[in-house]
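Chemist: Sharing a structure with you now.
The values are calculated or read from the model by the stated rules, or taken from the named source; none is laboratory data. Since the structure is predicted, the reported quantities are computational estimates derived from the model, not experimental observations. Positions of Cβ are backbone-derived with ideal geometry, glycine not excepted, and every protein chain shown enters the neighbour counts.
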Amino acid sequence: MASERAKELAAKQKAEIKAAKLRKKTSTNPKDWGAFKQFREMLKITVEVDPATRWWLIGAFVLVAVVISLVGIWAPPWWMWIISGLLGGVAADLFLLTYRAKKATYKRFKGQPGSAEVALNNLDKKKWTTSSAITATKQLDVIHRTVGPAGIVLIGEGSKARLQAILTSEVKKHEQVAYGVPVTTVLMGDGEGQVPLEKLDAHLKKMPKAIDKVQVAEVNQRLKALDAIRPRVPVPRGPLMMPKGAQKAMRGR
């Protein structure tokens, strides 16, 4: 009797392990992917937007591998330097692909409503708390919010003329719960006085520090009350027409 139960339990565990492996194999969530599949998907998406990436990667690999391998002529054993050259070429490609993938992501989503979220997702989540599309207009002018060392920052994307009134209203609402924490506005775009999408995360990181981690947590708690009374935002979160899993693949694990 006990042996039959043990067999049933073993069979059940085996089935669960098999189901978990199958789920990971067919999953569209990059967190379930292995390193090789993440690299392959990131390369595929990047090359679609920036075809020159393929040749940059080939050139970088060959250049680094050859330069390091040539050291073996003067510093034996030569085989050690060949292996080091191959590993160096792979490392160079990973670094270059990460850089070009980030640029390709911005290029892919630039101009789409909600695209600021792509840049905001590159902020350090231990320092910044981002709320995407906290409010929007029917014309898809969107306001995002991030809270971090610079205080409360409201990011507007869309028509500059329409955003001015919305941002002014949002600043007043946030100042009522900020209790002295600075509330700053940033207009994302390519016009005068605006910050381009590809420079948004760097711009936020360079803003003067105004509050510490404890104050960030306190502000986030107070903002929950403000968000609770907001009407439902009339646009979907994130850039529109975003391929499933594409953005996470660009960022890796």
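Chemist: Considering 177, 171, which residue is touching a residue at least 40 places away in the same chain (Cβ under 8 Å) and not in a loop (DSSP other than H, G, I, E, B)?
Modeler: Selected residue: 177, the only one of 177, 171 that is touching a residue at least 40 places away in the same chain (Cβ under 8 Å) and not in a loop (DSSP other than H, G, I, E, B).
Chemist: Could you pull out every one of the helices (runs of 4 or more DSSP H) wholly within the stretch 1-75 that has 3 or more residues that are surrounded by 13 or more Cβ atoms within 10 Å (Cβ to Cβ) and at pLDDT below 85?
Modeler: In the stretch 1-75, the matching helices (runs of 4 or more DSSP H) lie at 35-49.
Chemist: Another question about this same structure. Go over the candidates 168, 185 one by one and state the one that is under 24 Å from residue 210 (Cβ atoms) and surrounded by fewer than 16 Cβ atoms within 10 Å (Cβ to Cβ).
Modeler: Unique residue meeting the criteria: 168.
Chemist: Something else: For residue 140, only one of the following conditions fails: (1) assigned to a helix (DSSP H, G or I); (2) in contact (Cβ under 8 Å) with a residue 60 or more places away in the chain. What is its number?
Modeler: (1)
Chemist: Also, I was wondering about something else. Of all residues being within 14 Å of the chain's Cα centre (by Cα) and surrounded by 18 or more Cβ atoms within 10 Å (Cβ to Cβ) in the stretch 188-202, which is nearest to residue 113 (Cα to Cα)? Just the residue, please.
Modeler: Per the stated criteria, the residue is 197.
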